[in-house]
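Written below as structure tokens is the structure these notes are about.
All of the numbers you see were taken from the coordinates with simple rules; none came from a lab. All values derive from a computational prediction rather than experimental measurement. Here the Cβ is made from the backbone with ideal geometry for all residues, glycine too, and neighbour counts use every protein chain on show.
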Amino acid sequence: MPLWLKLIAGSAFFVLAIWAGLAILRGLANPGPDRDGSETVDVEAEDVRYRCGVCGLEIRMTRAPADDAKPPRHCMEEMEPVDAAANQ
Ligand SMILES: [Zn+2]
């Protein structure tokens, strides 16, 4: 293999490695969806409760996203809403 070919191959590998490393770092630095707390509503008075169907954990919601009413997840499953009046 001639020297000029080694230099080109080495330079190409160097650029590729730097590019891949920067792409990984960019992915790690991405903060994800904007959730600064300004889009949530207070649901404490509504006594919203959820129970995990797998392990039985029960939680009471105090704040929830205003736009997204999906139930929280636990044990990789969506939690089931609990009828608060039935527990009193
Ligand atoms: Zn669970």
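Ordered by the number of other Cβ atoms lying within 10 Å of each residue's own Cβ, fewest first, 49, 26 fall into the sequence 26, 49. Placing +1 on each Lys and Arg Cβ and -1 on each Asp and Glu Cβ, with no other charges, gives the chain a dipole about its Cα centre of roughly 860 debye.
Counted over all Cα-Cα pairs of segment 40-87, pairs farther apart than 15 Å make up 44 percent. Take the Cα of residue 80, step 7 Å toward its Cβ, do the same at residue 26, and the gap between the two points is 4.6 nm. Using θ = phi - 60° in the Karplus curve 6.51 cos²θ - 1.76 cosθ + 1.60, the 3J(HN,Hα) couplings for segment 69-79 round to 9, 5, x, x, 10, 8, 6, 6, 10, 5, 7 Hz; x is entered for Gly and Pro. Since only 71, 2, 29 are under comparison, the one whose Cα sits farthest along the positive direction of the charge dipole of the chain, derived from C-beta charges on Lys, Arg, Asp and Glu, is 2.
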